[in-house]
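Peer 1: Attaching a single structure in structure tokens format; questions to follow.
Laboratory data are not the source of any read-out in this text; all were calculated from the coordinates shown. Just so it is clear, the model here is predicted, and its values are computed rather than measured. Cβ atoms come from the backbone with ideal geometry, glycine included; neighbour counts cover every protein chain shown.
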Amino acid sequence: MDESRIFREAWIEGVKKYFPGEPKPGYITPWEETPDWERESAAAVCRQVREFVETSGGSTAQLTREQRGRFVATCWIAQIYRWIEDPKPGYVADWSELPEWQKETDADIFDAIERASIQSD
């Protein structure tokens, strides 16, 4: 599977699992309807996580759930700055400012990418 799709599918699963109430339609837009910049950003974050897992010799398994989610969130923020000239503050919020559902989703994204990286070895 295309690694950027791994990111998107884990995002959608996390939103459906953790988001309180009904999520915004853009949060669960299917891959085929996802804007190009988001697809490219998802691919970039997947590569960063995969490289992190590989260069650490798999020791990422010892990271806390928060550390895993925080890594994804930081990588995503860099992509937002890459593609959006003047992003809304919520788009680039620090980990401590993120809602709990997003933290949980980001950690799940790391886990999904890590699993896919290990399986492809």
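Peer 1: Among rounded, prolate and oblate, which fits region 50-93 when a ≥ b ≥ c are the square roots of the eigenvalues of its C-alpha gyration tensor, a/c under 1.5 means rounded, and a/b larger than b/c means prolate?
Peer 2: Numbers: a/c = 6.84, a/b = 2.15, b/c = 3.18.
Judged from the Cα gyration tensor, region 50-93 comes out oblate (a/c at least 1.5, b/c at or above a/b).
Peer 1: Compare the peptides 105-113, 11-19 by average per-residue count of other Cβ atoms within 10 angstrom and give them in order, highest first. All intermediate terms of the calculation are to be shown ahead of the outcome.
Peer 2: Values: 105-113: 24.1, 11-19: 17.3.
Ranked from most to least packed, the peptides come out as 105-113, 11-19.
Peer 1: Using a cut-off of under 13 Å, list every residue of region 94-117 whose amide N is near the label point 7 Å from the Cα of Glu22 along the Cα-to-beta-carbon line.
Peer 2: From region 94-117, the list is empty.
Peer 1: How high is the FRET efficiency between Glu100 and Ser120 when r is their beta carbon distance and R₀ equals 35 Å, given to the nearest 0.05?
Peer 2: Details: r = 31 Å, r/R0 = 0.88.
With a Förster radius of 35 Å, E is 0.70.
Peer 1: Along the principal axes of its C-alpha atoms, what lengths does the chain span, in descending order and rounded to whole Å?
Peer 2: Sorted from largest, the Cα extents of the chain read 36, 31, 29 Å.
Peer 1: So for region 54-121, what percent of the C-alpha to C-alpha distances run longer than 21 Å?
Peer 2: 31 percent
Peer 1: OK, next. In deg cm²/dmol and to the nearest 500, what is the mean residue ellipticity at 222 nm of the chain if only DSSP H runs of at least 4 residues count, each as -39500 (n - 2.57), divided by the residue total?
Peer 2: Working: 4 runs with 76 residues, N = 121.
After summing the helix terms and dividing by the residues of the chain, the value is -21500 deg cm²/dmol.
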